[in-house]
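A.B. asks: Before I ask anything, let me first share the structure, which is written out below as structure tokens.
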Amino acid sequence: MSVSAPSALIAFLFLGLMTSESWAQVRRSSQKSYEGVSSESHHQIGLVADNWKYNEPRIQDSGILFGVHYRYQSTLYDFIKQELHLEYLTGDTQYDGAEIDTNNPISMDQSNKIYNGYWLVLLDLNNSSLNTFRFLPFVGFYYRYLVDANDPFNGDYEREQTYMTMPVGFNLHINQWKIQALFHFIFTGENITHFGDVGGTPAELTFKQDTGDGLQFEVERSFGSFSFTGFFRSWDVEASDSQIATLPAKAPSYYEEPVNSTVSYGMRFNYNF
């Protein structure tokens with residue numbers, strides 16, 4: 001990858017904040033309430049626990065990931081709002097599968113890291129300072145980057161997954177409750193497989209994995225400056241293209257990143273300011 005995941009997320013955050021500040025200069029005199037906070041913009045930071053399960057044919061990887069979540073919300077112009085989300089998750093998971101070179105079954109702990117970032121543009125169809133009921137459809141951009149590390153057991157190798165999607169959905173606000181439904185349509189996906197970790201050549205293979213979709217559903221309850229969020233997420237991704245590679249003591253063969261699915265659910269405890 002030419003740009004690291006943290007660098008891409010930092011650039012993403014900077015772009016969103018600069019955009020919001022530019023609009024804020026225009027709209028400074030018209031400050032409407034957004035989710036109960038009477039200001040042009042506000043922030044949320046949260047602690048996340050995510051019960052995560054990843055499946056491929058003959059492989060399952062599952063465990064609880066922990067991390068942090070940041071959300072920025074503001075009014076771009078009148079009834080046009082924006083949300084920027086950044087999330088980092090990490091943890092050890094249970095890998096049940098097979099060694100790539102021998103196909104022998106194996107069960108081990110391994111480490112994973114996930115970076116999520118997405119920006120939404122919302123239309124506030126109610127556009128009122130009264131927060132009893134509000135419906136906001138949105139469209140946006142979503143970036144997801146997963147690192148499956150090279151852990152110290154035979155046959156493991158590092159893998160990097162990058163997906164970009166165009167999410168569509170809606171926010172629904174009812175008093176102190178917020179519901180968000182988000183549907184993903186993957187428009188580009190890439191897997192970088194580090195075959196050199198198991199003695200393969202070439203040392204890196206880049207697979208295109210552009211077909212798939214996802215679903216994200218959240219329910220948030222506010223208690224003053226604090227809030228609690230429960231969420232459900234799922235991904236279904238089709239198989240990648242094929243690339244030729246050679247493993248030690250084996251003839252060259254074609255390899256692919258197989259069809260895979262991910263289901264996770266968890267909770268987030270937030271502070272809003």
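Laboratory data are not the source of any read-out in this text; all were calculated from the coordinates shown. Every value quoted in this text rests on a predicted model; they were computed, and no experiment measured them. Heads up, the Cβs are rebuilt from the backbone with ideal geometry, glycines too, and the neighbour counts pull from every protein chain shown.
A.B. asks: Pop out the ³J(HN,Hα) list for region 71-87 in order, Karplus 6.51 cos²θ - 1.76 cosθ + 1.60 with θ = phi - 60°, rounded to Hz; leave Gly and Pro as x.
C.D. replies: The phi angles translate into 10, 10, 10, 7, 8, 7, 6, 6, 8, 9, 10, 9, 10, 10, 10, 10, 9 Hz.
A.B. asks: Karplus couplings for region 63-68 from phi (6.51 cos²θ - 1.76 cosθ + 1.60, θ = phi - 60°), rounded to Hz, Gly and Pro as x?
C.D. replies: x, 9, 9, 10, x, 10
A.B. asks: What's the magnitude of the charge dipole for region 182-273 around its Cα centre, counting Lys and Arg as +1 and Asp and Glu as -1 at the beta-carbon? Answer in Debye, nearest 20.
C.D. replies: Charge dipole of region 182-273: 360 debye, to the nearest 20.
A.B. asks: Quick one: which residues, 5+ away or cross-chain, put their amide H under 5 Å from the amide H of F187? H built at 1.01 Å from N.
C.D. replies: M164, T165, M166
A.B. asks: Can you list the lysines whose alpha carbon sits under 18 Å from that of K81, skipping same-chain ones fewer than 8 residues off?
C.D. replies: K32, K178
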